[in-house]
Amino acid sequence: MSAKNTPLTSVTVIGLGAMGRALAGALLDAGHPTTIWNRSQGKGDELVARGAVRAATAEEALRASELTVVCVVDYDAVETILHPLSDALQGRVLVNVTSDTPERSRQTAAWAAERSIAYLDGAVMVPTPLIGSPDALLFYSGSQEAFERYESTLKVLGGKAAFVGTDPGLAALYDLSLLDFFYGSISGLVHAYALATADGVKAADIAPYLHTIVQILPPIAQYTAANIDAGDYPGAQANLGMMAAGVEHILHAARMRGLDVSQLESIKSVADRAIVQGHESHDWASTYEALRGRN
């Protein structure tokens, strides 16, 4: 049989929340035979109308395909659904894109390995409208053999399918690290708007100028990573002492306007500890040493 005529991988999707439906939809769009199952009834009718097969039971769903993607609310739900049905998964590949910690990922991988289930842990890094697009980023870790065997199928879910290592906890670690940056950044954005609006300036008046800050972040991300990995924090262009003083100015202004300053106080506290450790003349990356509790 030619590669052109090779049947597409059959895939089961367990969990039909918004993300699960998006994943199943992307598989259907690409022509993959897709079986779906959800614990509660009433979800997935539009997928069935597009050609998906709704399994009557979770066991039927697992036995229907060589590859199963599970996307449910948490790892407790994963265990409730899958642990009693390990025989149905034996010899198959399980891709778990449920969000949790690296520790839970490793525990689930160990459970799978004991039962001869090839396991990939995954993390979806884009909202549902981007699922199936070339720019959609999903991290995977665990069984490299399974990733390489089904890479073309996984790229149907997101063109930027990144295998980050055989440690099954790494996908979750990458996920949490990126979200750590995101939530800190979006919280800073909202606080910036609160500072401006406290004096009657509209948030929309500030927004057009934020691209100046946003545009400098990619190179900052690169050299900060390099400095942290090297343990070297040159501060010739902007040192920590100067920047900590800038944070103090924002703190003062925010307090005067009655804003919540807990995030800013935490930022200033970490910077101050790094300065006490001798990093005043170094760049902001040196606060890493304070975060890690190092002297």
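Between the residues Leu130, Ala244, Ala171, the greatest Cα displacement towards the positive end of the dipole of the chain, with unit charges on the Cβ of Lys, Arg, Asp and Glu, is found for Leu130. Karplus-based coupling profile of the range 68-75, in residue order and whole Hz: 10, 10, 10, 9, 10, 5, 6, 5, with θ = phi - 60° in 6.51 cos²θ - 1.76 cosθ + 1.60 and x standing for Gly or Pro. Comparing Thr68, Thr197, Thr166 in a Gaussian network model of the chain where C-alpha atoms under 10 Å apart are linked, the largest mean-square fluctuation is found at Thr197. Restricting the calculation to Cα atoms, every distinct pair contributes to the Kirkwood radius of the chain, found to be 22.0 Å.
Going from the fewest other Cβ atoms within 10 Å to the most, the residues Asp121, Asp229, Asp205, Asp283 appear in the order Asp229, Asp205, Asp283, Asp121.
Calculated mean residue ellipticity, 222 nm, the chain: -15500 deg cm²/dmol, from DSSP H runs (n ≥ 4) at -39500 (n - 2.57) each, averaged per residue and rounded to 500. Whole-Hz Karplus values for the range 237-246 come out as 8, 7, 9, 5, x, 5, 6, 4, 5, x Hz, taken residue by residue from phi with 6.51 cos²θ - 1.76 cosθ + 1.60 and θ = phi - 60°; glycine and proline positions read x. The amide H of Val69, built 1.01 Å from its N in the peptide plane, has Thr12, Val13, Ile14, Val95 as neighbours under 5 Å, considering only residues 5 or more places off or on other chains. Which net charge results when you count Lys and Arg as +1 and Asp and Glu as -1 among the other residues whose beta-carbon is under 15 Å from that of Leu82? With Lys, Arg at +1 and Asp, Glu at -1, the neighbours total -4. Comparing mean-square fluctuations of Ser65, Ser187, Ser99 from a GNM of the chain with C-alpha springs under 10 Å, the top value falls on Ser187.
Taking 1 over the mean of 1/r across every pair of different Cα atoms in the range 97-169, what Kirkwood radius in Å do you get?
Taking every pair of different Cα atoms in the range 97-169, averaging 1/r and inverting gives 12.4 Å.
Residues whose amide H falls under 5 Å from that of Arg54, counting only those 5 or more places apart or on a different chain, are Ile36, with hydrogens built in the peptide plane. For the chain, the dipole from Cβ point charges (+1 on Lys and Arg, -1 on Asp and Glu) about the Cα centre works out to 580 debye, to the nearest 20.
Database remark: amide H of Thr98 closer than 5 angstrom to the amide H of Val72, Gly122 (H placed geometrically; neighbours at sequence offset of 5 or more, or on other chains; Pro and chain starts carry no H). For the range 189-205, putting each phi into the Karplus relation 6.51 cos²θ - 1.76 cosθ + 1.60 with θ = phi - 60° gives couplings of 4, 5, 5, 4, 5, 5, 5, 5, 5, 4, 9, x, 8, 6, 4, 5, 6 Hz, in residue order, rounded to whole numbers and with x for Gly and Pro. Pairs of Lys residues in the chain, spaced 8 or more positions apart or belonging to different chains, with C-alpha separations under 27 angstrom: 4 in total. Over all directions, the projected convex hull of the C-alpha atoms in the range 173-291 averages 7.9 nm² in area.
Coordinate-derived values only; no laboratory data. Since this is a predicted model, take the numbers as computed values, not measurements. Here Cβ is always computed from backbone atoms with ideal geometry, including for glycine, and neighbour counts include all displayed protein chains.
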